[in-house]
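Single-structure report; data block below.
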Amino acid sequence: MAFNKANETSQRKDDHVRISLEEDVSFDRLTTGLEHYRFTHQALPEIDLAAVDTTTIFLGHTLHFPLLIASMTGGTPETARINRVLATAAEAFGLGMGVGSVRAALEDPDVEWTFQMREHAPSIPLWVNLGAVQLNYGYGPEDCRRAVDLIEGDGLYLHLNPLQEALQPGGDTRFSGLLHKIEAVCAALEVPVIVKEVGWGLSRRAARQLIEAGVAALDVAGAGGTSWSQVEMHRSQSPIEYQVAAAFRDWGIPTALAVQRTRDVAREVAPDFPVIASGGLRTGLEIAKVLALGANVATIAGPFLEAAVASPQMLHEALEVLERQLRVTMFVVGARDIETLRNTPLANVGGPPWI
């Protein structure tokens, strides 16, 4: 039975990759909200471009620039190839990386190797990923510890995806009492536990609950990038499932708003609390914006998946472009380092009132 479950989990991962690459899985009218913000150009930045320092410290790890390659995939030979490309690039650029949900590996040891990337990324921080809702389906702190050990990881990502589970045939939708179990995992594990959404954003309430539960960082994963309701719509097996999923194409909290709300809560509860921004980020300029809005680091998935599938060279070029865009942005706003950038004001240039 466990083997059949593992097969289903791995097949779903392959479906997600294929659909993300081949179908329109974008939001319709909802955006990240970042287009409503502008930096003030400084014609006299009083720094040299060569002096701009993009390095930052995140959960005790030095990153060459404030970026993590997001948890995406694993569980099959093709996704293992993708993970190798991602891990090799993350190592080359001195970034952090998450691997996809290791539920398949916990259910079937034969696929463990598809997540084990330490050989390709010996010096960078690696985070393992697991659906938080699995804590209501028999998983506990010991399983989380086993997941971290499986990849020789530096921490655990627990993802929250209630809407996605509700739209999946046979999805895991028992979310009641989950906060207490997340708290227990945070208390039991020796490594940091990060909690993330998967693309619909964290609210103030959720952020406060999770910070008070003892998580080490939050990834807001706002709306505006990949719409997982669209992904599940394309996986639907009946007209009813299709129509239910289609209704949620523009659901969620835009990334800009999710970052601000989470940072506001953190200032009240734990001022130095690390916030990760993700959800539709495409450029180094957008990375700079989310840092100025309150994030400590950013994370990107979709564009890196596309590049990694194309070729290792394409992924390396994509990372180089992002790093250079961030560096030039810092130069023309007069921010010598990341801390200065995070304290650089952004102007709202006509965004919606809720932004």
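Annotations for the structure displayed:
- Qualifying positions in region 222-242 - surrounded by fewer than 19 Cβ atoms within 10 Å (Cβ to Cβ), among the polar types (S, T, N, Q) and touching a helix residue (DSSP H, G or I) at 6+ places or on another chain (Cβ under 9 Å): 236
- Note on region 184-211: among residues that are among the hydrophobic types (A, V, I, L, M, F, W, C) and assigned to a loop (DSSP other than H, G, I, E, B), the one that is nearest to residue 275 (Cα to Cα) is 202.
- Any chance residue 327 is more than 18 Å from residue 278 (Cα to Cα) and in contact with a Ser or Thr (Cβ under 9 Å, 6 or more places away or on another chain): yes
- Residues in region 235-284 that are part of a helix (DSSP H, G or I), out of contact with any strand residue (DSSP E or B) (no Cβ under 7 Å at 6 or more places or on another chain) and among the charged types (D, E, K, R): 6 in all.
- Test: residue in region 245-268 that is more than 16 Å from the chain's Cα centre (by Cα) and closer than 23 Å to residue 87 by Cα: no
- Taking the criterion of being of a type in the set (Lys, Arg) and under 20 Å from residue 300 (Cα atoms), the only residue of region 83-117 that qualifies is 84.
- The set of residues in region 76-102 being touching a strand residue (DSSP E or B) at 6+ places or on another chain (Cβ under 8 Å) and either among the aliphatic types (A, V, I, L, M) or without any contact (Cβ under 8 Å) to a residue 12 or more places away in the chain (or both) consists of 86, 87, 89, 90, 95, 97, 99, 102.
- Exclusive hit being in contact with a Leu (Cβ under 9 Å, 6 or more places away or on another chain), assigned to a helix (DSSP H, G or I) and surrounded by fewer than 23 Cβ atoms within 10 Å (Cβ to Cβ), set 134, 116: 134
- Selection status of residue 321, of a type in the set (A, V, I, L, M, F, W, C), at pLDDT 95 or above, surrounded by fewer than 22 Cβ atoms within 10 Å (Cβ to Cβ) and touching a His at 6+ places or on another chain (Cβ under 7 Å): no
The values are calculated or read from the model by the stated rules, or taken from the named source; none is laboratory data. Quantities reported herein were computed from a predicted structural model and do not represent experimental measurements. Virtual Cβ from ideal backbone geometry, glycine too; neighbours counted across all protein chains shown.
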